[in-house]
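Peer 1: Attaching a single structure in structure tokens format; questions to follow.
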Amino acid sequence: MIKRPAHGRRAAGALEGEVLGALWAADTPLTPAQLQTTLGTGLAYNTIHTILSRLQDKGMVVRIREGGRSAYRPAKDAAQDAADRMRTVLEGGRDRAEILQRFVTSLSPDDEQALRAALGEDGPEVR
Amino acid sequence: MTAATTLLAVVAWIGFAVIAPRLARRLPPAAATAALATGSLIIAASSIAVIALLAAPWIAQLPEIAELGPWSAPKLRSGNPVPVAAAVVCTALVGAALARLTLTGWQRVRAIVVVRRYCRHLPATDANLVVVDSDQPDAFAIPPPSGRIVVTTGLLRALSADERRVLLAHEQAHVDHHHAWWVLATDLAAATNPLLRSSAQAVRHAVERWADEDAARQVGDRVLTARTIARAALLVTPTQPAQAMTATGGNVPDRVRALMGAPPRRRLLPVLGMATILALSLSASAGVDSRTDTVFDRASLTQARIGWAPATTTAVNHIGVSHGNGNRSR
């Protein structure tokens with residue numbers, strides 16, 4: 001069992017997101033141990049294992065056996081399907097965009113300059 | 001007097017439009033959102049009410065409508081302090097406001113229905129995160145009750161593990177705090193009264209700041225949060241400068257600057273400032289309301305006869321007061 005902090009389901013959902021995000025960002029399937037290193041947030045091996053089996057039950061990751069060890073990769077079919085649907089949702093024009101909170105927004109040239117200035121010398125580097 | 005009260009109301013609306021977004025910037029984002037949204041709804045309702053009340057005595061003289069009400073059209077005409085031209089303009093304004101409200105409301109409801117249908121078709125129904133296989137960096141939150149976070153593989157790959165935590169916490173905050181509904185409320189308010197557009201824009205910024213602060217608290221690192229937001233914004237710029245989404249997302253440089261500073265503190269003064277403007281607007285609306293009531297009372301066909309059921313209870317009170325003084329002018 002996962003030892004859940006006070007926020008319960010939400011925290012579990014957040015961990016699922018982190019694990020899934022790491023698998024998508026990786027070029028190769030990852031073992032639970034590799035995930036533990038990648039995430040670097042002090043998650044227990046057992047916790048990661050539990051999250052992986054839950055994601056597998058949901059059809060979001062696929063387990064691959066590699067010489068007696070299990071590695072996981074994201075399920076691309078589901079994401080491809082979601083991509084097609086998202087295109088239809090986002091192509092619906094301004095009103096659909098208005099009810100969705102978008103993380104990545106375009107910048108005007110002025111904003112871009114202001115942003116680089118705000119990050120400035122004592123600020124964090126933009127890689 | 002009607003002119004003065006109306007002027008006071010208009011001054012309050014303009015005051016809110018100009019001052020409220022500025023005051024909101026000095027509040028913690030959650031408080032700013034609530035104050036701006038509540039204020040916008042109050043201003044929208046009171047501005048529709050005031051303009052409708054100014055138009056009412058003229059509309060009530062139109063033969064088809066005069067027949068229905070217990071008032072005399074000629075008496076209304078002589079007792080109405082609002083010039084016909086102004087009343088016609090007010091009627092047009094109310095019509096336009098209601099039309100815009102209906103249109104915007106209908107468009108948003110349709111959009112919500114489409115997005116909900118999209119959510120129903122998603123494969124894993126109890127996972128918050130939906131990954132979309134696309135190189136274009138993008139992420140958005142679908143509002144509750146569906147409540148999902150959608151992220152493209154392009155964005156997941158572009159961020160580090162820590163930055164992904166910020167991204168997910170930020171989007172989850174949008175879902176958890178029902179940000180889409182706050183934005184919708186202020187957009188509908190702005191649809192009725194264009195003066196409220198600045199507030200609607202300020203709410204968009206405030207909910208982004210709210211999600212930023214939430215994410216920063218959750219990952220415990222303000223600078224990391226600032227960097228993630230900056231990097232995500234700069235990811236899009238070089239390749240797609242003319243993306244269709246310029247209006248949303250708040251002001252990114254401001255958000256980054258705010259995160260580089262200390263967390264916002266609670267302040268009473270800006271809230272009091274907004275409350276004062278709203279009180280001014282409400283009392284002006286109440287003033288216009290009571291003057292319009294008086295105009296109708298004086299034109300009432302039933303004012304001498306007690307026992308005839310008038311249209312509204314307010315009318316009853318005024319009949320009681322003005323009984324026998326039908327010709328007194330104020």
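The values are calculated or read from the model by the stated rules, or taken from the named source; none is laboratory data. These numbers come from a predicted model, not from an experiment. So basically every Cβ, Gly included, is an ideal-geometry build from the backbone, and we count neighbours across all protein chains shown. For accessibility, only protein heavy atoms count, side chains too; no ligands or nucleic acids. Shrake-Rupley method; radii C 1.70, N 1.55, O 1.52, S 1.80 Å.
Peer 1: Given the protein chains as shown and a 1.4 Å probe, how many square angstrom of B:His178 are accessible, to the nearest 10?
Peer 2: 90
Peer 1: For A:Lys76 paired with A:Thr50, estimate the spin-label separation in nm (one decimal), with each label point 7 Å from Cα along the Cα-to-Cβ line.
Peer 2: About 3.2 nm, to one decimal.
Peer 1: Tell me, what is the 1.4 Å probe accessible area of B:Arg117, in Å² to the nearest 10?
Peer 2: That residue has around 110 Å² of solvent-accessible surface.
Peer 1: Now a separate question. Considering only C-alpha atoms, what is the centroid distance from segment B:94-119 to segment B:188-236, in Å?
Peer 2: 23
Peer 1: Further, regarding this structure: To the nearest 100 Å², how much accessible surface do chains A and B cover up together, summed over both, with a 1.4 Å probe?
Peer 2: Summed over both sides, the interface buries about 5900 Å².
Peer 1: Could I ask something else about it? If amide hydrogens are placed 1.01 Å from N in the peptide plane, which non-local residues have theirs closer than 5 Å to the one on A:Val62?
Peer 2: Sorted by chain and number, the residues that satisfy this are A:Arg73, A:Ala75.
Peer 1: I've got another one for you. At what distance in nm do the modelled label points of B:Val113 and B:Leu268 sit from each other, each positioned 7 Å from its Cα along Cα→Cβ?
Peer 2: Placing both labels 7 Å beyond Cα along the Cβ direction yields 4.9 nm.
Peer 1: Compute the distance in nm between two label points, each set 7 Å from the Cα along the Cα-to-Cβ direction, one at B:Val88 and one at A:Arg116.
Peer 2: Label-label distance for B:Val88 and A:Arg116, simple model: 5.7 nm.
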